[in-house]
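Written out below as structure tokens is the structure these notes cover.
What follows draws every value from the coordinates through simple rules; no lab data is involved. All of these numbers come straight from a predicted model, not from anything done at the bench. Cβ sites come from the backbone with ideal geometry, for glycine too, and all protein chains shown count toward neighbours.
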Amino acid sequence: MSQFLAEVKEQPAAIRETVKRNADLAFESDKPLLFTGMGSSLAASELLVGYLQENGIQAVAVDNSELLYYHSDKFLDLHQVVVVSQSGESYEARKLAERYPVTAVTNTEGSSLAKSAKRVLYTHAGKERAIASSKSFTTTVALMLLLGAKLAGRSLTEPLFAAADVLERELAREAELRERIASFLDPERPLELLGRGPSLCTARQGALTLKETARMYTEAMSAPQFRHGPFEIIKENLQAVFFNPKGATYEINRNYVLEMAGLGARVLYVSDEPLEHERICSIVMPSVHEYVSVIPYSLVTQLAAVELSARRGLVAGEAKLISKVTEKE
């Protein structure tokens with residue numbers, strides 16, 4: 001078993017631990033929140049910003065490097081800056097924390113970011129060694145949504161525990177899921193990952209995971225943006241993954257996927273209910289809650305990463321050009 005797959009299987013316990021250990025904590029700020037990260041940390045930040053904005057709370061997410069070089073301290077002064085970094089050692093996160101007082105969200109006690117930050121909030125994923133994020137991403141999502149819901153006067157505690165339960169059940173049929181996914185997707189062809197709202201985060205993280213592991217050319221895009229021009233590539237025998245949890249655009253998305261398949265696309269469809277079409281492979285999985293769905297639905301691309309990597313002669317989570325911690329620009 002690869003290190004990456006072993007860490008995928010550790011997610012249910014890590015999510016439960018993260019929720020339990022942060023049950024009494026909250027974001028503290030009298031200013032709008034500004035979240036910043038890179039890679040999967042940025043994806044988790046963008047998810048939370050969407051949730052907060054939907055609940056009438058001002059928040060924004062900005063890529064670490066863009067914030068570091070293209071935003072002034074005057075802009076930072078208008079916000080409570082929250083730097084998200086699993087390792088706490090990535091170059092841009094360290095530099096930003098050295099320059100400006102920040103709150104940190106990290107998995108790593110004693111890291112440079114944790115030492116520099118004025119306040120630290122910890123995920124409790126345990127050590128993650130594989131290059132591609134799995135449990136560090138889903139525990140970050142869990143922590144961010146847990147605390148974001150409190151700020152909005154709501155609670156996502158039970159949906160987050162439920163998401164861990166869904167992951168545990170789905171992992172029990174891991175071999176079946178891997179075979180279905182890998183028999184439908186071609187690792188030698190480009191792959192489009194689509195969603196709306198919270199599922200755009202699932203798509204972005206999935207695209208990143210497949211690039212890091214199977215070295216596939218992938219693109220994540222919102223489904224409505226895809227219609228504005230890129231829709232034409234359906235005529236090139238497009239393969240896509242479409243995430244559709246129960247939520248605001250559920251029926252719109254079902255019709256959209258059927259239209260794509262009718263025009264010739266092959267679509268791996270992840271949702272609470274199946275779609276019947278010869279060019280659609282439905283992975284039925286409880287979404288729990290539209291925003292929390294990112295946690296269980298990310299399992300699909302994690303398992304795809306394992307199987308598609310193997311079919312290309314690679315080991316998911318191992319890399320030649322990159323390291324776990326990005327220490328230079």
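Roughly how many debye, to the nearest 20, is the charge dipole of the chain about its Cα centre, given +1 on each Lys and Arg Cβ, -1 on each Asp and Glu Cβ, and no other charges? Provide the component values of the computation, followed by the final result.
Details: 37 positive and 42 negative charges, 104 e Å.
Rounded to the nearest 20 debye, it is 500 debye.
Name the shape class, rounded, prolate or oblate, that the alpha-carbon gyration tensor gives for region 4-56, where a ≥ b ≥ c are the square roots of its eigenvalues, rounded holds for a/c under 1.5, and otherwise prolate holds if a/b is larger than b/c and oblate otherwise. Don't skip to the answer; put the middle values down first.
Details: a/c = 2.55, a/b = 1.54, b/c = 1.66.
Here region 4-56 falls in the oblate category.
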Review point. How big is D, in µm² s⁻¹, for the chain by Stokes-Einstein at 37 °C and 0.692 mPa s if Rh is the Kirkwood radius over C-alpha pairs?
Key: 165
Exercise for review: Enumerate the calculated ³J(HN,Hα) couplings along region 286-291 in order (Karplus 6.51 cos²θ - 1.76 cosθ + 1.60, θ = phi - 60°), each rounded to whole Hz, writing x wherever the residue is Gly or Pro.
Suggested key: x, 8, 6, 7, 4, 6
Point to revise | Cross-link pairs beyond the 29 Å C-alpha cut-off, checked among K20/K95; K31/K95; K74/K115; K127/K211; K31/K115; K9/K235 | key: K20/K95; K9/K235
**Study point:** Angle between the chain longest axis and helix 294-311 axis [Cα atoms, degrees, rounded to 10]
**Key:** 60
Check your understanding: Relative to the longest principal axis of the chain, what angle (0 to 90°, nearest 10) does the C-alpha long axis of helix 40-54 take?
Key -> 90
Practice item. Could you give the size of the charge dipole of region 179-299 about its Cα centre, using +1 on the Cβ of each K and R and -1 on the Cβ of each D and E, expressed in debye and rounded to the nearest 20? Key: 200
Point to revise | Principal axes of region 184-329: Cα extent on each, largest first, Å | key: 43, 34, 27
Exercise for review: Using only Cα atoms, tell me the angle between helix 250-262 and the longest principal axis of the chain; keep it within 0 to 90° and round to the nearest 10.
Suggested key: 40
